[in-house]
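The values are calculated or read from the model by the stated rules, or taken from the named source; none is laboratory data. This structure is a prediction, so every number in the text was calculated from the model and none was measured. Glycine gets a Cβ as well: all are built from the backbone with ideal geometry, and neighbour counts include every protein chain shown. Quick note on the areas: whole protein, heavy atoms, side chains included, nothing else; ligands and nucleic acids left out. Shrake-Rupley method; radii C 1.70, N 1.55, O 1.52, S 1.80 Å.
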Amino acid sequence: KITQNCEWRLFQRPDDAIYPGFDKQTEEDLGGEHVFVSNFKPIYEEEMKDLTERVDFFEIFTDPMKQHMRRAIKEGGVNMCSAKPRIWQGQQTKNPRYLQVRPDVARPRDKYLAQLGTRLYRKIPATDPCVFPVAGVIGGRRNNPPDEIMTPAGEKLKIRPLCVFNPIHYQELPELFIDYVCSVTGKSPSTTGAGSEGALTKGPFNAINATADLNNALVSMILTGYGGFSSAAGYIGPNYKVDHDLSLLIPEVWCRMTAQERTPEWLIKNGELEKLEDFELDTPEGKQTVLASRLGYRITDKFVSHYFGRVFDNPAAAINEEMLKPESQSLEVYADGIGNLVDAERKSAENYFKDGTIRYACPPLQVVLHVMAYGHYKNKSIHDPEIRAMFTREAMLKSDWYRERLVTKQQRDTVLCMRNIKALEDFMSRPGYDVEAARLGIHTKLSEAQKELARVSSDTYLEELEGTLGADPIVFE
């Protein structure tokens, strides 16, 4: 997979900018021109002057923000300071935002040098394109410790924990897709609490059944074989607040690993990933089964020593044993966090049974939804070898449901070609359109469309489609 970023500006939330001099990038961005900000305090000339005269505040800023504040005093009017978010309900908002010009656009020299270095390393001629294929797909998780928030009615609402993941987890497809379907997130400064969110769960953005998107995503994951890795943000266990530090660190670690080292099979074989198993916990209500296996695999101290050691001189000081095993911080919080995940997954999956869209799910997705909602599929657990075999590329390519996707794709391509041919023939048949048809080359286009129809209608085309996404056989009612 080769990607290209089509965004010019990135939507940023500079949490650490409230500490003068700490977030140097934000201060550089906000000290420049043509800046769009939201949820920052409007500061008038007199207050800005007071801020610059506070030595313990002003002198800590980096030069770009200092120059910006001095310029704001000189120019007058209303301005802002990176360390002064908007005041909301008597306190600073935790949701300041700004649009950052993409770094590779803002610093073209750095981009050029990076590409030149890659060309030299790969021995790519200057006339050939220098591409950067996707080497890993690592999702981010926002995790929170147990907490309480005050409701508008003045009542305390308990927030259950989600801080059960260590810095990096790997999940095989059944467990990974359980997470994807639910899209659960922890308590965040920009949300009101934990809940299922994400593009797949926001119905108004997509008028078709969610099963169509999920089917496509699952087929894509099975075909490409990407490892289902994820990194932690927010908290690791209830005691370690990491915010987005790990999110920024993981790419530094990943790019220093070879292609072989990034494969789950290699990491498991070498003891750098350990599998989590379900366990029993004694509670006042009796024994409770904690479905820790939903978390998949997690990195070990051997992974930290081997790969984080390529970034840090003393990796164990950055990632310690309590971070690798969050249950050692509090087994009660760990069990409740997993229970919180399982409850959210069950509620999310039950919707597919209530509205009847479960019948549009492909067989592997039906397995996922049944396990989420009821804990089993036809009385077989998610660990059953027969169930897990359904998520392999080999089994999918041989299945009838995947064949149906390819046939559906062929049928839709055939219908599209026939529609194109009819449109071209209708254009040519219009009185007085001969000259215009010749100018636009309609005869040539018609010939090409007829050849394309013959191609997509053939059995050979159906064979060519094998290994592709195909098309979801959506039923409109």
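Summary table below
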{"item": "Residue within the stretch 67-74 that is of a type in the set (S, T, N, Q), open to solvent by 50 Å² or more (accessible area, probe 1.4 Å) and part of a strand (DSSP E or B) present", "result": "no"}
{"item": "Test result for Leu162, in contact (Cβ under 8 Å) with a residue 12 or more places away in the chain, surrounded by fewer than 14 Cβ atoms within 10 Å (Cβ to Cβ) and under 22 Å from Gly186 (Cα atoms)", "result": "no"}
{"item": "Qualifying residue in the stretch 93-114 (condition: basic (Lys, Arg), closer than 30 Å to Ile2 by Cα and part of a helix (DSSP H, G or I))", "result": "yes"}
{"item": "Residue tally, condition hydrophobic (A, V, I, L, M, F, W, C) and either within 21 Å of the chain's Cα centre (by Cα) or in a strand (DSSP E or B) (or both), over the stretch 115-149", "result": "6"}
{"item": "Count - residues of the stretch 400-423 that are polar (S, T, N, Q), exposed (fewer than 15 other Cβ atoms within 10 Å of the Cβ) and touching a residue at least 12 places away in the same chain (Cβ under 8 Å)", "result": "0"}
{"item": "So Ala438, is it part of a helix (DSSP H, G or I), more than 28 Å from Pro473 (Cβ to Cβ) and open to solvent by 40 Å² or more (accessible area, probe 1.4 Å)", "result": "yes"}
{"item": "Those residues of the stretch 14-37 which are outside any helix (DSSP H, G or I), open to solvent by 50 Å² or more (accessible area, probe 1.4 Å) and closer than 18 Å to Gln92 by Cβ, in sequence order", "result": "Tyr19, Phe22"}
{"item": "The lone exception for Ile87 - which of (1) at pLDDT below 95; (2) open to solvent by less than 50 Å² (accessible area, probe 1.4 Å) it fails", "result": "(2)"}
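Listed here are the residues, each with its yes/no results for (1) free of Cβ contacts under 8 Å to residues at least 12 places away in the same chain; (2) open to solvent by 60 Å² or more (accessible area, probe 1.4 Å).
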| residue | (1), (2) |
| --- | --- |
| Phe40 | no, no |
| Pro103 | yes, no |
| Ala114 | yes, no |
| Pro125 | yes, yes |
